[in-house]
Ligand code: ASP
Ligand code: MG
């Protein structure tokens, strides 16, 4: 049995006209001889509408009841779409999370998939041409409904593709694929034909919001090829796939950015063992992710410790750090919201030198001051003033000539 998983996002199922386009994509796959598992999101705006309702009804919505509520968005989409398919004569049925069943833990609102009963789904696929599966939802041990976090239908789709050993997972959306950078910031952004899982993870975590990060982690773990493409055109899309040697020939694949950054500095902390643990331990205990950390050279036994956190965590971080600062006798605690992070990403960096130099020179030429730098094997990130974000993205995009098709693709 050749199985294809096709996932359609909220803008693709927004109304009847859109759903007709979805129908055409599914019918094309059926004509190509596949059994199709079609995973749908809620209609555009619906999940937000339901979350607003929850907040109107309750000052602190019960997480489990909130999941019961927001999972209804996907239920509406799958029922309506299955009606269309059945009217067209296809053997189709809708499948909700608990019917698959998609077992998750009970972390309501951001549950993790534990396992999927593929036997039951395969049996259903024997009897049907199309299964229209509700994305985003699962059920826990106690048969309570759970949801997988915003954008979670991507993860539902990839997980189903892995469980059913589908040929690939196609993610249909309202853009043509993954771009070298955000086309809204840089008109010369170019659609990539292929991108490695690790590159996509870096891009997804920094604002290239095409795929939920967890779905990429899943795809990498189970080696599921993911094709991101548009519902509204026939363009070939971007294949997110495992790395191969030809990908390494390209030094840089994309420029990502993240505006959700705040910089925090503890001034003149004593430079002695245990200080970093005293600062970052309590932050970690509170579930606050710290990104870049810089410890300066010490003078007279004291040093400055600078790091970044996401803006939504800033207030809590400052609360914690106020007491830490007293305890370790730091002299000051300051923060800055006007910063952002730009990153140059590419698996090719592993065996090409000079990428950092090119990036720093390009920013210098535009007089953009780099406040912090961090690097990994496939990424160089710089914290800069937020007002230079667009300029920095365009400058780096030009510096690595990302508008030009590389020999490899
Ligand atoms: N409907 C959910 C959301 O808006 C899940 C999804 O669309 O992927 O986040
Ligand atoms: Mg999405």
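Values computed for the structure shown
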item	result
With eigenvalues of the C-alpha gyration tensor scaled by 5 and rooted, segment 241-309, Å	34, 16, 13
Contour excess over end-to-end distance, with Cα ends at residue 259 and residue 64 and 0.36 nm allotted per residue	67.1 nm
Global geometry of segment 265-385, whether rounded, prolate or oblate, following the gyration tensor of its Cα atoms and the 1.5 cut on a/c	prolate
FRET efficiency estimate (nearest 0.05) - Cβ-Cβ, residue 188 to residue 319, R0 35 angstrom	0.20
Choice from 214, 55, 93 with maximal GNM fluctuation in the chain (Cα, 10 Å cutoff)	55
Gain upon complete extension [residue 72, residue 311; 0.36 nm per residue less C-alpha separation]	83.0 nm
Debye log10 I(q)/I(0) at q = 0.16 Å⁻¹ for segment 305-346, Cα point scatterers	-0.51
The chain: mean projected area of Cα convex hull, nm²	22.5 nm²
Per-pair calculated FRET efficiency, R0 = 51 Å: residue 142 and residue 24 via Cβ, rounded to 0.05	0.80
Extension gain, residue 353 back to residue 50 (0.36 nm per residue minus Cα-Cα distance, nm)	104.1 nm
Theoretical FRET efficiency, 1/(1+(r/R0)^6), r = Cβ-Cβ of residue 165 and residue 404, R0 41 Å, to 0.05	0.60
Helix 46-57 vs. the chain, principal-axis angle (Cα, 0 to 90°, nearest 10)	70 degrees
CD proxy at 222 nm, helix term only [per DSSP H run n ≥ 4: -39500 (n - 2.57); per residue of the chain; nearest 500]	-10500 deg cm²/dmol
Nitroxide proxy distance, nm - points 7 Å out along Cα→Cβ at residue 234 and residue 278	6.8 nm
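Here, each number is a calculation from the coordinates, and none is a lab measurement. All values derive from a computational prediction rather than experimental measurement. FYI the Cβ positions are ideal-geometry reconstructions off the backbone, even for glycines, and counts take in every protein chain you see.
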